[in-house]
Amino acid sequence: MNWDRIEGNWKQATGKAKEQWGKLTDDDLSVIAGKRDQLAGKIQERYGVAKDEAEKQLSAWEKQADDSWFK
């Protein structure tokens, strides 16, 4: 799934993001608004991980995305 699809359906994807990264708040997810770089930054901030680790987690999460997320 490409990121444009996730960004375009961000409201539906936020539930999956919260399942993956429970420390992210609703406010965090609202501010992120589907922006990949902002999500990576919040993962770094909330979990205290390096940028490359946040990107690795985000890439793995993105690969899991499928049409069932957006129903």
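With the requirement that a residue be in contact (Cβ under 8 Å) with a residue 24 or more places away in the chain and among the charged types (D, E, K, R), what does the stretch 50-66 give you?
Across the stretch 50-66, the qualifying residues are E62, K63, D66.
Checking the condition among the charged types (D, E, K, R) and within 13 Å of the chain's Cα centre (by Cα), which residue from D37, D52, D66 passes? Explain how you work it out, then say what you get.
Working: D52 fails: within 13 Å of the chain's Cα centre (by Cα); D66 fails: within 13 Å of the chain's Cα centre (by Cα).
Only one candidate qualifies: D37.
Six or more apart or on different chains, Cβ under 6 Å: which pairs go from a residue in the stretch 1-20 that's in contact (Cβ under 8 Å) with a residue 24 or more places away in the chain to one that's surrounded by 14 or more Cβ atoms within 10 Å (Cβ to Cβ) and of a type in the set (K, R)? Could you list them?
Every condition considered, the pairs that remain are W3/R36.
Read-outs throughout are calculated quantities, based only on the coordinates presented, and are distinct from any laboratory measurement. If you're wondering where the values come from, they're calculated on a predicted model, not measured in any experiment. Because the Cβ atoms are built from the backbone with ideal geometry, glycine has one as well, and the counts that use them run over all protein chains shown.
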